[in-house]
Amino acid sequence: MHILLRGRDIENIKQLDVYEAHGGFVGMKHALAMTPAEVIDVVKASGLRGRGGAGFPTGVKWSFIPQHEPVKFVTVNADESETGTFKDREIMEENPYQLIEGSLICAYAIQAKAVYIYLRGEFWDIGDQLDECIEALRAKGYIGENIMGSGYDCEVYTHLGAGAYICGEESALLNSLEGYLGQPRVRPPFPAQKGGGLYKEATVVNNVETLANVPYILSEGAGAFKAIGTEQSAGNKIYCVSGHVKRPGNYELPMGATFRELLYQHAGGPLHDDRPLKAMLPSGGSGPIVPLSDEVLDTPMSYEDCANIGTIIGSASIIIMDETVDMTWVASKVTKFFKHESCGKCTPCREGTYWLDKVIDRILDGRGSPDDVKRIADVAENMAGTTLCALGDFAANPIIHTIRHFPDDFAQHVTAQAADG
Amino acid sequence: MAIIGNPKYEARIDRHLAKYETKRSAVMPLLYIAQEEYGWVNPEGIREVAEILNLDPTQVKSIAGFYTMYSEKPKGKYWLQVCTDLPCALQGADEFHAWLKDELDVEEGGTTTDDMFTVEHVMCLAACDKAPMLQCNFHYVENLDQDKMRGLLAKWRQEAAQAANGRG
């Protein structure tokens, strides 16, 4: 059953009357009948964790907001830019009211003055559609002053980015929304604290998929949500499958389903039957790559189980590669991405991605030496943990883990060079 | 024409200014309006956005330069941005991108001599299950192959010719 991708089950759910006829805004009504603190308790009890990648408990994040502050904000992170991720897009295209309802419930729970939906700039058409939804809700009294007669006031706005991966990082997103360069801020203060959020006010920043789960939790109860998934990873998750499978696409399954079930039952198995699958990036370009062994295939897709195989589930942008793919080329592709997307603020990331790219190109051209492979591993190790935001770590991961798991893919380029010499 | 005092943009500019707590926050939407008016973010557009927001033009220019969707030079009528990131590349996007440049006889980032098409590669556009794909003037075109693309190029050329005739 879809909780999130309901556009697949219910025709025209992107129309407000259809959305409401199928339980839309029941969660919002339940929330408005509770105190804000009670709403936060329900979300805490549901076990919902952030779907943007970090997996932080959502209710706990909301509880960090100081209730006594007069002005607070909600910012929806719709800057979906991780390589291989395309889930938030489908939620917003096919089930937009559910995102807005979830955002409004969050806003009520922290008593926010307004919600800003920060869309990646390429989501131009989605922004137009959300603006129409917002106007329809305003006309019904669901957005604006005295929402549903509750006495609570809240506005919802969209904002388009303009092509910068870094703006998916929450403090860079806030800078961008304020009209500054989209570069990460020094923390503390954190966004939830006075001085650290939007316009220096306490702010919750949540991913689209995270908030789209909230109406279900408020309408069906925390227990119904907690009953889905595993002990530490509650609910459904949208898995974005791309690369060498027969049926790439989004699949909504309970957390804890195995990679094997996702890849073979749902995504149709290897694209070419005679080419076995070799490797998987389970969390886009930024998470550690793993070989597609039986052990990995039988691992449940949950926060806790993915840690046991040395990777993360993250945003569940699952990129599949078959035996024809050279992992040195993969390292190069992902490094070029991070080199392009590094905002330039922190030296290790700015310089590290630049030099990694140059040296990997040299290796791929057959002009590298075995020392070059050690050199890029060394550069990557020195980037990890030395930057203001996680992009530095993300950029180090593809190098460290491709070399660790697939040393022969690198060796073939440098030994050929040695033989030529 | 200009964006300041232009009735085409007045309501949109006011709506953006009303959305935010500070004027400065409207710099990104206003840069899109400047780009729409002039076809690229030119010095005149930068100056006007700065004037509306009480900013220095240098501050506005730094924002325009940071983000890839603001173009700081003129583009063709159709700005084609092909995703060649890893998931698309696994589905043949690098070959598709190279073919498209050959087909239109342009270098990376270049514009055809008739100013119709600009071709460049971009990073992940969140359409990995529909590769190869591209973005044409900020609208997605997905599940592409050479035949489909030839058809689209012909269609866009025809549309541009009709628009030119209509104006004449």
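The values are calculated or read from the model by the stated rules, or taken from the named source; none is laboratory data. No experiment lies behind these values; they were computed from the predicted model shown. Note that we place each Cβ from the backbone using ideal geometry, even for glycine, and neighbour counts take in every protein chain shown. The protein model used for the area step is the full one, side chains on, heavy atoms only, and it has no ligands, DNA or RNA in it. Shrake-Rupley method; radii C 1.70, N 1.55, O 1.52, S 1.80 Å.
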Per-residue HN-Hα couplings for the range B:81-90, Karplus 6.51 cos²θ - 1.76 cosθ + 1.60 at θ = phi - 60°, whole Hz, x for Gly and Pro?
10, 8, 6, 10, 6, 3, x, 5, 5, 5
Selected from B:TYR38, A:HIS159, A:TYR264, residue furthest toward positive end of dipole (the protein assembly as shown; charges at beta carbon)
A:HIS159
Two-decimal Rg/Rh across chain B, once Rg and the Kirkwood Rh are taken from alpha-carbon atoms:
1.02
Measure up A:LYS29/A:LYS140; A:LYS44/A:LYS194; A:LYS333/B:LYS61; A:LYS29/A:LYS194 against 20 Å on the Cα-Cα distance and list the ones that go over.
A:LYS44/A:LYS194; A:LYS333/B:LYS61; A:LYS29/A:LYS194
Chain A: relative contact order as a whole-number percent, Cα under 8 Å and 6+ apart:
16 percent
Could you tell me the relative contact order of chain B? Use alpha-carbon pairs under 8 Å, at least six residues apart, and round to a whole percent.
16 percent
If you count only protein heavy atoms and use a 1.4 Å probe, how large is the accessible surface of A:ILE228, to the nearest 10 Å²?
30 Å²
Work out, step by step, the length gained on full extension between A:SER369 and A:HIS68: first 0.36 nm times the residue separation, then minus their alpha carbon distance; give nm to one decimal.
102.3 nm
About the Cα centre, and with charges only on the beta carbon of Lys, Arg (+1) and Asp, Glu (-1), how big is the dipole of the range B:53-168? Nearest 20 debye, please.
520 debye
Taking the Cβ-Cβ separation of B:ASN54 and A:GLN129 as r and a Förster radius of 56 Å, what is the calculated FRET efficiency to the nearest 0.05?
0.95
Cleavage-rule hits (GluC sites (Glu not before Pro)) in the range B:59-106: DSSP loop, at most 16 neighbouring Cβ within 10 angstrom:
B:GLU72
Those lysines that a straight Cα-Cα span of less than 16 Å connects to A:LYS339, excepting residues fewer than 8 apart in one chain:
A:LYS358
Distance between the C-alpha centers of the range A:60-100 and the range B:1-67? Whole Å please.
26 Å
A:PHE406, B:PHE66, reordered so the largest accessible area comes first (probe 1.4 Å):
B:PHE66, A:PHE406
Hey, got the dipole for the range A:6-226? About the Cα centre, +1 on K and R Cβ, -1 on D and E Cβ, debye to the nearest 20?
880 debye
7 Å from Cα along Cα→Cβ at both A:ARG187 and A:PHE56: what's the point-to-point distance in nm?
0.4 nm
Which of rounded, prolate, oblate describes the range A:129-260, given a ≥ b ≥ c as roots of the alpha-carbon gyration tensor eigenvalues and a/c under 1.5 marking rounded, otherwise prolate only if a/b is larger than b/c?
oblate
For a test of the definition: using alpha carbon positions, the gyration tensor, and the 1.5 limit on a/c, classify the range B:78-167 as rounded, prolate or oblate.
prolate
Percent relative contact order for the range A:236-322, counting Cα pairs under 8 Å at least six residues apart, stands at 36 percent
Residues other than A:GLU145 with Cβ under 11 Å of its Cβ, Lys/Arg counted +1 and Asp/Glu -1, net out at -1
Charge dipole magnitude, Cβ of K and R +1, D and E -1 - the range A:166-280, Cα centre, debye nearest 20
220 debye
Which one, B:HIS139, B:TRP156, A:LEU130, is farthest towards the positive end of the dipole of the protein assembly as shown when Lys and Arg carry +1 and Asp and Glu -1 on their Cβ?
A:LEU130
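Contour minus end-to-end for A:THR386 and A:ARG8, with contour as 0.36 nm per residue of separation and end-to-end as the Cα-Cα distance?
Using 0.36 nm per residue and subtracting the Cα-Cα distance, I get 131.7 nm.
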Using a cut-off of 12 Å between alpha-carbon atoms, which aspartates and glutamates can reach A:LYS113, once sequence neighbours fewer than 8 places away in the same chain are excluded?
A:GLU69, A:GLU145, A:ASP153, A:GLU155, A:GLU201, B:GLU21
Determine ³J(HN,Hα), in whole Hz, for all residues of the range A:123-129 in sequence, where each value follows from phi through the Karplus function 6.51 cos²θ - 1.76 cosθ + 1.60 and θ = phi - 60°; x replaces Gly and Pro.
7, 4, 5, 5, x, 4, 5
Note, the range A:29-42: 3J(HN,Hα) by Karplus (6.51, -1.76, 1.60, θ = phi - 60°), whole Hz, Gly/Pro = x, goes 5, 4, 4, 5, 7, 9, 7, x, 5, 5, 4, 4, 4, 5
Per residue, what volume in Å³ does the Cα convex hull of the range A:236-322 take up?
71 Å³
If the reach is capped at under 17 angstrom between alpha carbons, list the lysines near B:LYS101, excluding any in the same chain fewer than eight residues apart.
B:LYS75, B:LYS77, B:LYS148
Heavy-atom accessible area of B:MET28, protein chains in place, probe 1.4 angstrom, given in Å² to nearest 10, is 0 Å²
If unit charges are put on Cβ atoms (+1 for Lys and Arg, -1 for Asp and Glu) and the dipole of chain B is taken about its Cα centre, the option from B:THR68, B:VAL106, B:MET123 lying farthest towards the positive end turns out to be B:THR68
In the range B:6-46, what residues drop by 50 Å² or more of accessible area when the other protein chains are put back, versus the chain on its own? Use 1.4 Å, and skip ligands and nucleic acids.
B:LYS19, B:TYR20, B:GLU21, B:ARG24, B:SER25, B:MET28, B:TYR32
Could you state the accessible area per residue of chain A in Å², with a 1.4 Å probe and every protein chain left in place?
35 Å²
Any idea of A:HIS340's accessible area? Nearest 10 Å², probe 1.4 Å.
90 Å²
